[in-house]
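Input: one structure, supplied below.
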């Protein structure tokens, strides 16, 4: 697995962050990347970062309800994006507090 980049979850709605994910993913792998937002029954359910390659089901997805504060804002989490030709995109969240312990 190759580490592509890391970003703060709160920045996922910023068009510059989305553009950076897509362009950096392509530059690092040669595969087209996309960022998709998916709703369910009136609320934002999850987002996916995908490439042209196959994916392990759910590994390229972050479920929004699991990462929201009581006021509805997104929690401050670092999302790492990894890639392999075999497995595609893998997203791994790390809390800011976990990151500070290193």
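Read-outs throughout are calculated quantities, based only on the coordinates presented, and are distinct from any laboratory measurement. Everything quoted here is computed from the prediction, not taken from an experiment. Virtual Cβ from ideal backbone geometry, glycine too; neighbours counted across all protein chains shown.
Among 67-74, 45-52, how do they line up from the highest to the lowest mean number of other beta-carbon atoms within 10 Å? Don't skip to the end; give the middle numbers.
Numbers: 67-74: 11.1, 45-52: 18.1.
With the highest mean Cβ count within 10 Å placed first, the list reads 45-52, 67-74.
In addition: Give, in whole angstrom and from largest to smallest, the semi-axes √(5λ) of the equivalent ellipsoid of region 28-78, with λ running over the eigenvalues of the Cα gyration tensor. Kindly include the intermediate steps, with their values, before the conclusion.
Values: eigenvalues 118, 32, 17 Å².
That gives 24, 13, 9 Å for the three semi-axes.
If you fit an axis through the alpha-carbon atoms of helix 15-29 and take the longest principal axis of the Cα set of the chain, what angle between them do you get, 0 to 90°, nearest 10?
It works out to around 30 degrees.
Oh, and also: Taking the Kirkwood radius as the inverse of the mean 1/r across Cα pairs, report the Rg/Rh of region 2-100.
Looking at region 2-100, the ratio lands at 0.96.
If you don't mind, there's one more thing I want to ask. Run the numbers on the chain and let me know its relative contact order in percent, using alpha-carbon pairs under 8 Å that are six or more apart.
Working: 170 pairs, mean separation 30.3, N = 102.
Relative CO of the chain lands at 30 percent.
Additional query: Calculate for the chain the 222 nm mean residue ellipticity that helices alone would give, adding -39,500 (n - 2.57) per DSSP H run of length 4 or more and normalising by residue count, nearest 500 deg cm²/dmol.
On the way: 2 runs with 20 residues, N = 102.
It comes out at -6000 deg cm²/dmol, rounded to the nearest 500.
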